[in-house]
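The values are calculated or read from the model by the stated rules, or taken from the named source; none is laboratory data. What you see is a predicted model; the values in this text were computed from it and never measured. All Cβ positions, even for glycine, are placed from backbone atoms using ideal geometry, and neighbour counts span all protein chains on display. Only protein heavy atoms, including side chains, enter the accessible area calculation; ligands, DNA and RNA are left aside. Shrake-Rupley method; radii C 1.70, N 1.55, O 1.52, S 1.80 Å.
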Amino acid sequence: MSKPTNAKIPRREASPAEMTRAALVRAALKLFGRQGFDGTSTREIAAEARANIGSIAYHFGGKEGLRNAAADYIVDTIQTIAGQAIGNLQEPSDSETGDPEAARAQLFTALERMVAFIVARPEAGEIVQFVLRELSHPTAALDRIYDGVFEPTHRRLCLIWEQATGEPAESEATRLTVFTLIGQVVYFRIGREAVMRRMGWRAIGDAEATKIAAAVTDNLSAILARRHSTDRKDRRS
């Protein structure tokens, strides 16, 4: 009898063309976020990616196509991060039919994962810069990000909030509350320099991100406790 093997299936290595394409997307994400779309030339992007300038037209059809590809990269990245915390954005999650305690735990996990990525991961800075540019001057790239990440992630968190608190997912109050939960995390990225100066930190790494996550989740605990207290008063009256 032959013994079972534990050999892993080798992962396919990326082709030179795929590596060039990925390098161009990363370069565009960085430069568009830092300098803006109009302020960035294809020559600069090619130099940053160490690629031939003609490869931009070959892979993306031009600068506009490259911007859309950068937006798609953001969608794929955030969907992966969000999926780890709150489930596949395109399918029902267990929390939508589970118990309130499980839903509340999922909210805490979601915030902790947001902090770990948005605040602590260096590449998140380039993503946030790119998105802020798009929010200031919307293009088709923002449509891709909104449809692929913003709207489905926010809607999923609202559904989890409903399960955790009993408040309707699509009520104005719930939608605004979820925006505040997300917004406080994002501030620690866009206000990074101010935070470091005020806190006396030289950088924001894993240790600092842990402290930020504790503050953010404390805020969530306070909001949930307030909701619970209000519900109890309403039941007594």
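Solvent-accessible area of Asp76, all protein chains in place: 90 Å² (probe radius 1.4 Å, heavy atoms, ligands and nucleic acids excluded). Taking Cα centre as origin and charging only the Cβ of basic (Lys, Arg, +1) and acidic (Asp, Glu, -1) residues, the dipole magnitude of the chain rounds to 760 debye.
Between the entries (i) -0.25, -0.60, -0.93, -1.22; (ii) -0.31, -0.70, -0.99, -1.24; (iii) -0.37, -0.69, -0.90, -1.13, the label attached to log10 I(q)/I(0) by the Debye sum over Cα atoms at q = 0.07, 0.11, 0.14, 0.17 Å⁻¹ calculated for this structure is (ii). A run of the chain free of exposed loop cleavage sites, with GluC sites (Glu not before Pro) counted only in DSSP states other than H, G, I, E and B and at most 12 other beta carbons within 10 Å, reaches its longest extent at 14-169. Once C-alpha pairs closer than 8 Å and six or more residues apart are averaged by separation and normalised to the residue number of the chain, the relative contact order reads 20 percent.
With R₀ set to 30 Å, the beta-carbon distance separating Thr109 from Leu132 gives a calculated FRET efficiency near 0.70. Between Arg197 and Ile53, the contour length at 0.36 nm per residue exceeds the alpha carbon distance by 47.8 nm. Got the relative contact order for the stretch 78-201 handy, in percent, Cα pairs under 8 Å and 6 or more residues apart? Relative contact order, the stretch 78-201: 31 percent.
As a calculated quantity, the FRET efficiency between Ala225 and Phe179 at R0 = 22 Å, using C-beta atoms, amounts to about 0.65. Label point of Glu18 set 7 angstrom out along Cα-Cβ; within the stretch 42-74, no amide nitrogen lies under 16 Å from it.
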